[in-house]
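Contents: one structure, followed by commentary.
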Amino acid sequence: MLVLVLNSGSSSIKYQLLEPDSGTVSASGLVSRIGEDVGPGEPTIEHHGRGGEIVHTGPIPDHAAGLKLVFGLFAADGQDLATAGLAAAGHRVVHGGEVFYRPTLITDEVLATIRDLSSLAPLHNPANVIGIECAMRLLPGVPQVAVFDTAFFHGLPAAAKTYAVDAGIAAKFGIRRYGFHGTSHEYVSGQAAAFLGRRPEDVNQIVLHLGNGASGSAIRAGRAVDTTMGMTPLEGLVMGTRSGDLDPGIILHLERNGLDVAEIDVLLNRESGLKGLSGINDFRELHAHMESGDAAARLAYDVYIHRLRHYIGAYLIELGRVDVITFTGGVGENSSQVRFDALAGLERFGIAIDPQLNDVRNRSAHRISKSDSEIAVLVVPTNEELAIARAAADLVRPG
Ligand code: AMP
């Protein structure tokens, strides 16, 4: 069984062809800089297939052109998608609103609803829709499945998902906390429970997905009860370029002082977070700058850790009993310093990191807490593509 997974962003398409049961990936790649000015020799598609890497250079006018070229690269690599017998195409869709809370077979009606949800995710859903439309055209007869980033948080308790604003206004504009990165939180929490040899229903967990975007979740007995991202993926932790939590009065202040909505949008989504504080949004570079004494990089890091500890503390209290804390995402999987600083000095709360284990490089799930730590601390690599492929396969599998 083969599933094609597509993750379409505003100027990029990430893709993977994989076997959902074994997880074997037969090809993967990235189309980037769609619709941008690109010189003739500049790389825009990197395809990793059976025959190694193929790089396509030159401009990609739109998503349809990008996907068509990708299909050509698959064929050139001996894996013609039209004849590969695809069981499904799985699409990452960022916002499912109130409507979608499980993987969903895409019909024209479903697609129209995803499009309608664009007002809640203007940067993401329109790009997801374009990717789906292209795939439907290029792969007629292949079931297309949408897997929603918000789905895992659909059942958040009322107290966790409600903002304290006028209830009528909230209802009218869909203002509530939805949460994002749900596919990753669900997958990683499942892996963490399996690593401990326990059923998800028997475990209370905190999952920290720390990548370019970052979010945490509190999970009680397999169900998400809180998460740091809110109505949009802007709330919560400090991220590479996003501010995370702010006093909402700051937005009013900026507007009163002449910034318009588009400028504030760019400021908070693209020019804030680690980048806003230090000019650097890549964690590897941030570490290097801190080591060379860059005070702005140090402050950015300290603000990042401060916010992270704030939420860890909140979720410890919220859950009451926590069995495991898990780090995932590019930063969570790779930065031992972030993991150490996030949990340092919490022995009295039952959390004792083992510095040696924490420094071990290991690409599979592993434990980094001391054997007598009441709360286990794990590092678990996330794999959203595999989770999407499995969700799509489960939906179309006969019986
Ligand atoms: P993601 O969005 O999950 O791909 O994560 C991207 C982030 O992970 C970037 O900020 C990277 O700098 C960071 N990252 C990747 N590898 C490392 C590493 N070895 N040490 C620290 N941060 C890393």
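If you go through the stretch 34-57 and keep only what is in a loop (DSSP other than H, G, I, E, B) and either touching an Asp or Glu at 6+ places or on another chain (Cβ under 8 Å) or hydrophobic (A, V, I, L, M, F, W, C) (or both), you end up with Ile34, Gly35, Val38, Arg50, Gly51.
Could you please find all residues in the stretch 300-331 being more than 16 Å from the ligand (Cβ to nearest atom) and either of a type in the set (Asp, Glu) or within 19 Å of Gly211 (Cα to Cα) (or both)? First the steps, then the outcome.
Step one: of the stretch 300-331, the residues more than 16 Å from the ligand (Cβ to nearest atom) are 302, 306, 309-325.
Matches in the stretch 300-331: Asp302, His306, Arg309, His310, Tyr311, Ile312, Glu318, Asp323, Ile325.
Within the stretch 248-267, identify whether any single residue is of a type in the set (Asp, Glu), over 30 Å from Val203 (Cα atoms) and within 16 Å of the ligand (Cβ to nearest atom), and answer yes or no. It would help to see each step written out before you state the result.
Here is the first cut: in the stretch 248-267, the residues of a type in the set (Asp, Glu) are 255, 260, 263, 265.
Narrowing the set further to residues that are over 30 Å from Val203 (Cα atoms) leaves 255, 260, 263, 265.
Pick out the ones that are also within 16 Å of the ligand (Cβ to nearest atom) and you get none.
No, there is no match, as no residue in the stretch 248-267 is of a type in the set (Asp, Glu), over 30 Å from Val203 (Cα atoms) and within 16 Å of the ligand (Cβ to nearest atom).
As a summary of the residue check, Asp341 satisfies the conditions (1) within 15 Å of the ligand (Cβ to nearest atom); (2) on the phi > 0 side of the Ramachandran plot; (3) of a type outside the set (Val, Ile, Thr) except for the one numbered (2). Total residues in the stretch 31-47 satisfying the condition of being closer than 22 Å to Ala389 by Cβ and surrounded by fewer than 17 Cβ atoms within 10 Å (Cβ to Cβ): the figure is 1. Scan the stretch 227-241 and tell me whether some residue there is open to solvent by less than 30 Å² (accessible area, probe 1.4 Å), away from the ligand (no atom under 16 Å from the Cβ), more than 21 Å from Arg284 (Cα to Cα) and touching a Leu at 6+ places or on another chain (Cβ under 9 Å). So far as the stretch 227-241 goes, yes, one or more of its residues are open to solvent by less than 30 Å² (accessible area, probe 1.4 Å), away from the ligand (no atom under 16 Å from the Cβ), more than 21 Å from Arg284 (Cα to Cα) and touching a Leu at 6+ places or on another chain (Cβ under 9 Å). Candidates are the residues of the stretch 213-226 that are away from the ligand (no atom under 16 Å from the Cβ) and part of a strand (DSSP E or B); the one that is farthest from the chain's Cα centre (by Cα) is Arg220.
A Cβ distance below 9 Å, combined with a sequence gap of six or more or placement on separate chains, defines the contacts here; from the stretch 123-140, residues that are more than 15 Å from Val110 (Cα to Cα) and at pLDDT 90 or above reach residues that are in a helix (DSSP H, G or I) and open to solvent by 50 Å² or more (accessible area, probe 1.4 Å) in the pairs Cys134/Lys68; Leu138/Lys68. Please enumerate the residues belonging to the stretch 177-212 that are assigned to a loop (DSSP other than H, G, I, E, B) and either of a type in the set (Phe, Trp, Tyr) or within 13 Å of the ligand (Cβ to nearest atom) (or both). Once the filter is applied, which keeps residues that are assigned to a loop (DSSP other than H, G, I, E, B) and either of a type in the set (Phe, Trp, Tyr) or within 13 Å of the ligand (Cβ to nearest atom) (or both), the stretch 177-212 yields Tyr178, Phe180, His181, Gly211, Asn212. When each of Arg363, Arg348 is tested for being free of Cβ contacts under 8 Å to residues at least 12 places away in the same chain, among the charged types (D, E, K, R) and more than 20 Å from Glu285 (Cβ to Cβ), the lone residue that passes is Arg348.
If we keep just the residues of the stretch 169-182 that are hydrophobic (A, V, I, L, M, F, W, C) and in contact with a Phe, Trp or Tyr (Cβ under 9 Å, 6 or more places away or on another chain), which is surrounded by the most Cβ atoms within 10 Å (Cβ to Cβ)? Don't jump to the end; show me each part of the working.
Taking the stretch 169-182 and keeping what is hydrophobic (A, V, I, L, M, F, W, C), we get 169-171, 173, 175, 180.
Applying the additional criterion that residues be in contact with a Phe, Trp or Tyr (Cβ under 9 Å, 6 or more places away or on another chain) yields 170, 175, 180.
Numbers: Ala170: 15, Ile175: 16, Phe180: 29.
Filtering first and then ranking leaves Phe180.
The values are calculated or read from the model by the stated rules, or taken from the named source; none is laboratory data. Only a predicted model underlies this, so the values are computations on that prediction, with no experimental measurement involved. Please note: Cβ atoms are built from the backbone with ideal geometry, for glycine as well, and neighbour counts cover all protein chains shown. Just the protein is used for accessible areas: all its heavy atoms, side chains included, with ligands, DNA and RNA removed. Shrake-Rupley method; radii C 1.70, N 1.55, O 1.52, S 1.80 Å.
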